[in-house]
Amino acid sequence: ATCTEGDIANLKALRDACNTLAIERKLLGSWKGTVTEQLGGYSQVMQFEEGHKMHVMVMGQSQEASYMVDGAKDPILLNIHLAIDGNQGPNVPYIIRFTDDCTLEMCCPYLTPEIPTKFEGPGLVTMKKLPDGEKVDVDENKWIDSPELEEIKKLDERTKVLRYMREFSDVLVKAKDQTDDGDDDLPPSTGTTEEEIRANKQVLKMMSVNVK
């Protein structure tokens, strides 16, 4: 007996489905890593659960999300959908690979909508698997990456916004002062200067105290 094109397609689909299922089983559990300075340099935990549900924990905040794996892609594609007010929110695509049973490399786009094809650049983060059964404590006081957050959390919403606007404006002014000479000929910013990194961090800090 010979295989028809339909038989081959069915076998390929079955292989891809089995590969995807195996990857999803390997993802289950909690993974912790620290993103690059360009993305803010904060620690994060991703907790993958059954039924394509997950929690993303960053700087004291736990965000519900869902995920889908495409094991037919090379590299493997992981789509994470953040939940906003109970609804599916924006999709964050990652390419992923396991370098060993306890190490997961993830790479997301940076300053571009294009999904990366290589594990390199500011969007790359190495995640280490936490021991099975270990509870992830999302107590805000244990997730503060900067003492400034303690002070910020005590402010009312209006004061937070005013402080953010003032400090962020100062950062932008300083960054512009450094590039005033001939800045018309400069290429688009890559977000890697010291001032831009500081600005990125400030945005993340202010976002972290306003996430509901």
Scanning the range 1-48 residue by residue, those more than 12 Å from the chain's Cα centre (by Cα) and more than 24 Å from Asn79 (Cβ to Cβ) turn out to be Ala1, Thr2, Cys3, Thr4, Glu5, Gly6, Asp7, Ile8, Asn10, Leu11, Glu37
Scanning the range 100-123 for residues that are closer than 22 Å to Ser30 by Cα and touching a residue at least 12 places away in the same chain (Cβ under 8 Å) gives Asp101, Cys102, Thr103, Leu104, Glu105, Met106, Cys107, Cys108, Phe119, Gly123
Ile115 fails exactly one of (1) at pLDDT 90 or above; (2) more than 17 Å from Met68 (Cα to Cα); (3) outside any strand (DSSP E or B), namely (2)
Taking first residues from the range 25-54 that are farther than 12 Å from Leu104 by Cβ and second residues anywhere that are assigned to a helix (DSSP H, G or I) and among the β-branched types (Val, Ile, Thr), the pairs with Cβ under 9 Å that are 6 or more apart or on different chains are Glu37/Ile197; Gln38/Ile197; Gly40/Ile197; Gly40/Val203; Gly41/Ile197
Per the filter on the range 65-98, residues among the acidic types (Asp, Glu) and at pLDDT below 90 are Asp85
Quick check on Gly51: is it part of a helix (DSSP H, G or I) and of a type outside the set (Lys, Arg)? yes
Out of (1) touching a residue at least 60 places away in the same chain (Cβ under 8 Å); (2) within 16 Å of Met127 (Cα to Cα); (3) outside any loop (DSSP other than H, G, I, E, B), the one Gln63 does not meet is (2)
Those residues of the range 69-112 which are part of a loop (DSSP other than H, G, I, E, B) and in contact with a helix residue (DSSP H, G or I) (Cβ under 6 Å, 6 or more places away or on another chain) amount to Gly71, Ala72
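Yes or no, residue by residue, for (1) closer than 27 Å to Gly123 by Cβ; (2) of a type in the set (A, V, I, L, M):
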{"residue": "Thr4", "(1), (2)": "no, no"}
{"residue": "Asp16", "(1), (2)": "yes, no"}
{"residue": "Glu24", "(1), (2)": "yes, no"}
{"residue": "Leu27", "(1), (2)": "yes, yes"}
{"residue": "Lys32", "(1), (2)": "yes, no"}
{"residue": "Leu39", "(1), (2)": "yes, yes"}
{"residue": "Ser43", "(1), (2)": "yes, no"}
When Val45 is run through (1) within 25 Å of Thr112 (Cα to Cα); (2) at pLDDT below 90, the failure sits at (2)
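The values are calculated or read from the model by the stated rules, or taken from the named source; none is laboratory data. The model shown is predicted, which means the values in this text are computed figures rather than measured ones. FYI the Cβ positions are ideal-geometry reconstructions off the backbone, even for glycines, and counts take in every protein chain you see.
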